[in-house]
Every structure is written in C-alpha cells, then in structure tokens.
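Enquirer: Quick one: the structure is below, questions incoming.
Every number here is computed from the coordinates shown, using simple stated rules; none is lab data. Values in this document were obtained by computation on a predicted structure and should not be read as measured data. Neighbour counts run over all protein chains shown; Cβ positions are idealised from the backbone, glycine included.
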Amino acid sequence: MIKPVVEDSKGKKSCRKLVEISESWFVRHLFRPIFFLFPPMLLTFTATRKGLQEDIVDLAGQSVGSLLNNSALVIIIGTYLYVVILKAIFAGIKDYSKPEKELKVDDLIALIKAIDIVVGDKTKRMGNEAKSIINKPNICAKTTFEQITRPDQQIPLLIAGLRNVFEYMGEHQSTFRVGLIRVINNKPDEWFSFDPASLPPRTPANKLSAPSSTVSHAIKSRSVIIVENIQKELEKKSKKDRRFMKGNTQENENGSQLSYPIIHSATGEVEYVITIATNREDCLKVKYKETFARNKEELASII
C-alpha cells in the first residue's frame with residue numbers, strides 16, 4: 001500500500017531513516033541494548049570491583065587505575081547520565097523525524113464519516129426504491145438505476161463532506177470553499193456543485209480556461225496543483241509563470257488554492273476538477289500534496 005508522503009527536509013528524512021533502522025529487530029533487540037547498557041555496566045563494575053581495577057591498571061596504566069579508584073561515585077553517576085542522555089537524544093531524533101502533517105485517527109474518522117453520509121444516503125435510496133418496485137409487474141432497469149444513484153444528490157453530499165474533512169483537519173482558523181467543475185474537451189465548462197451554498201464561486205467556470213488559472217494547470221498537468229499564497233502568485237510579472245488567475249479576487253484578499261483533476265478510468269480524459277479555496281495563505285501547502293490527494297481520492301472514487 002502506498003502511504004501519503006509529506007515532502008519534508010533532508011534532515012527530517014535522514015532522521016526518519018535512522019529511526020526506521022533503529023526500530024528494526026536486529027538493532028532494537030541486539031545492538032541497542034549493547035550500545036546503551038554495556039559501557040555503563042563495564043565502567044560500574046570497573047569502579048567497584050577490585051579485580052577489574054587491577055586488570056585496568058595492567059592494560060591502561062597506573063594513572064587510569066588511580067582515576068577509577070578515586071572517582072567511583074562520579075563514574076556511577078556518569079554512567080546513569082549516559083543512559084538518560086542517550087535515550088533523550090534518541091527520543092528527540094524520533095520526535096523530529098515525524099512528518100509535519102500526517103493523517104491521524106481522528107482525521108480518518110472524519111473522512112470515514114464523510115463517506116458514510118454518502119453511502120448511507122445511497123443505501124436509503126436503494127431501500128426506498130426496492131419497496132416501491134417490489135409489487136410492480138414491469139420494472140425499467142434504467143429508471144431504477146437512476147433513482148438509486150441520483151448523482152444530483154450524491155455529488156453535492158460528497159463536496160460538502162470533503163469541505164467538512166478539510167475544515168476539520170485545518171491547522172488554521174480558516175474558511176474552506178469547495179467546488180466541482182465539469183470539464184468538456186479539456187476546458188472548464190460549468191460549476192457542477194459547490195459548498196457552502198452561502199459562498200458561491202465568483203468566477204464563471206468558462207473563464208477559468210485561461211492558461212494562468214489553477215484549474216487549467218491541473219487539467220494540463222493532470223495532477224494536483226497547490227498555490228500556497230494567491231497574492232504572491234499574482235505578483236509574478238509573467239502570466240506564463242502564474243498558476244492563479246485574479247478573476248474577482250480583491251487586492252487585499254489572502255488565501256490558498258488547490259485544484260485536483262478527476263480522470264475518467266475508461267476515456268482517460270479529465271472530466272471534473274475539484275477546487276478548494278481558503279481565506280488564509282499557507283493553509284494548503286505543496287509539501288502536504290500527497291496527504292491532501294489521498295483524502296480526495298477516497299471521496300472522488302465515489303463520484
């Protein structure tokens with residue numbers, strides 16, 4: 001299974017690799033106990049056992065033997081601090097190695113609940129349709145299928161569920177707006193659905209066919225496009241370098257933008273684009289790209 005990956009720094013990646021090696025069976029049960037416990041045990045026994053002190057004198061000389069003999073208490077305390085400091089260093093490396101953004105149990109529960117709303121609604125429609133046709137002599141398969149699937153109801157529920165998941169996972173107190181654009185011949189055609197209803201899209205879908213729009217970049221690249229700061233993006237002098245179109249965006253308006261193309265498995269064409277916008281910059285970050293993509297894949301697979 002491919003796990004969502006956060007694009008961390010080289011330092012974090014190196015620390016994560018070190019932790020993975022340290023958690024392997026060989027290192028954890030053989031090497032680590034020797035590395036942590038053997039030096040303190042050896043020094044403690046050397047400082048407290050007369051026979052070992054004489055062996056140290058023979059091996060290292062009288063000066064070393066005298067140091068061990070006169071500093072037994074210091075050595076015992078030092079060996080204890082050695083273990084404590086090493087464990088603290090390893091704990092620090094392990095904590096630093098954690099991704100800045102990862103799906104936690106609560107996040108997964110929120111995602112499951114969003115999917116469950118859609119699936120539960122479909123189950124209810126299936127039950128109601130079964131009751132209505134159970135005694136009918138003639139049944140139209142097409143009509144029955146349309147009554148069960150009802151994309152006009154299912155897709156808006158998905159979009160609302162997706163917005164709720166992102167708002168739940170958001171690290172900042174920001175407002176999310178989610179929309180679904182229908183794409184025809186690789187051009188945005190119309191807003192098929194959006195949420196919340198109180199904040200409708202301000203730019204017509206067909207105007208987003210401009211090459212500089214985030215939606216057009218997503219369609220062209222067939223991948224997730226994230227703009228962390230829309231105002232910084234608009235400051236780029238050349239439109240060829242921009243991945244955000246001003247549209248009806250105000251000069252003092254901040255935010256982030258994300259566009260995710262949904263590719264039809266049969267035709268291989270981009271049929272929809274999910275757009276996510278926030279009213280604060282850096283709420284959607286490029287290094288969280290894979291984590292965001294996994295969230296949308298789960299919901300988009302039901303569309």
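Enquirer: Pairs Lys12/Lys239; Lys94/Lys240; Lys12/Lys232: which are spaced more than 32 Å apart, C-alpha to C-alpha?
Expert: The pairs that break the limit, which is 32 Å between Cα atoms, are Lys12/Lys239; Lys94/Lys240.
Enquirer: Expected output is a single nm value to one decimal: the length gained when fully extending between Ile93 and Met41, i.e. 0.36 nm times separation in residues minus the C-alpha distance. What is it?
Expert: Taking 0.36 nm per residue and subtracting the Cα distance, the gain is 16.2 nm.
Enquirer: Work out how much length Ile263 to Trp25 would gain on full extension: take 0.36 nm times their residue separation and subtract the Cα-Cα distance, in nm to one decimal.
Expert: Taking 0.36 nm per residue and subtracting the Cα distance, the gain is 81.4 nm.
Enquirer: Hand me the GluC sites (Glu not before Pro) from the stretch 150-226 located in a DSSP loop with no more than 16 other Cβ atoms within 10 Å, in residue order please.
Expert: Glu171
Enquirer: Sequence gap at least 6, Cα distance under 8 Å: using those rules, report the relative contact order of the stretch 150-225 to the nearest whole percent.
Expert: The value is 22 percent.
Enquirer: Assuming R0 = 25 Å, what is the FRET efficiency of Asp189 and Gln250, from their Cβ-Cβ distance, to the nearest 0.05?
Expert: 0.45
Enquirer: Of all trypsin sites (Lys or Arg not before Pro) in the stretch 178-217, which ones are in loop regions per DSSP and have a Cβ with at most 14 other Cβ atoms within 10 Å?
Expert: Arg202
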